[in-house]
Structures are given as C-alpha cells and as structure tokens.
1. For Met1, Met69, give me the order by solvent-accessible area with a 1.4 Å probe, most accessible first, ignoring ligands, DNA and RNA.
2. Would you calculate the volume per residue, in Å³, of the smallest convex hull containing every Cα atom of the stretch 1-44?
3. Would you mind listing how long the stretch 38-84 runs along its three principal axes, going by Cα atoms, in whole Å with the largest first?
4. Just to be sure I understand, if you calculate Kirkwood radius over Cα pairs in Å for this structure, which of [x] 19.1; [y] 15.1; [z] 13.5 do you get?
5. Any chance you could give the angle, 0 to 90 degrees and rounded to 10, that helix 41-86 forms with the longest Cα principal axis of the chain?
6. Going 7 Å from the Cα of Thr82 in the Cα-to-Cβ direction, what parts of the stretch 58-74 have a backbone nitrogen less than 16 Å from that spot?
Amino acid sequence: MKSFIAIVIVGLFFVLALLFGAKNEQIVTVSYFVAEGQYRLPVVLAVVFLAGFIISWLFAAYYIVKLKMVLRKRNKTIAQLTDKVAEPVAVTAQDTAA
C-alpha cells in the first residue's frame, strides 16, 4: 500500500512538472558531451524527471533485494539453530552416573 501511495505522489509530481512546462513553451539548448540540441522546456523537464526517478528506483531496488537476501539467509540460520535446540538429547548411562 505504501508503494502505491508513493507511485501516486511521484505521478502527481510528474503531472505538475508537465503543467509547469506547458506554461513555459521556451526553446532551451541542451549541450551533450559531443553534441548540442534545442528542445522545448516541457520535454527537457519530463526527460530529466523520469531519468532521475528511474535511477533512484534502480538504486532502491538493488538495496531492497540485497536486504531481502540477507534476511532470507538469517532466517535459514535461525531455523537451523531452532531445530538443533529442539532435538531431544539422548541420555546415556554414563551421564546419569556422574
């Protein structure tokens, strides 16, 4: 549910950026490493916003998957230790004599 709300908020920000850009129909010059281009401001804003969102999402997904893998490994370790503790210990005649 939290992720759905976050996606809705990000979508609203994207729409807000598009509305802002629609009111500003200026042509801007974007310089690349080897080239240069002229684009409308709403297009530049949308591309930069989406690129930032996708890069942030990729980093977040990497850390979430990493944490889930650690959690799965620790849960297996806990299950193994719980099984060892739960096993009955066999009592021998030597143990009772001491």
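The values are calculated or read from the model by the stated rules, or taken from the named source; none is laboratory data. Because the structure is a prediction, the values reported are computed rather than measured. Using ideal geometry, Cβ is built from the backbone for each residue, glycine included, and neighbour counts are taken over all protein chains shown. These area figures cover heavy atoms from the full protein model, side chains too; ligands, DNA and RNA do not enter into them. Shrake-Rupley method; radii C 1.70, N 1.55, O 1.52, S 1.80 Å.
1. From most accessible down to least: Met1, Met69.
2. Hull volume over Cα atoms, normalised by residue count, gives 64 Å³.
3. For the stretch 38-84, the Cα spread along each principal axis is 68, 11, 5 Å.
4. The value matching this structure is [x].
5. 0 degrees
6. Inside the label zone: 71-74.
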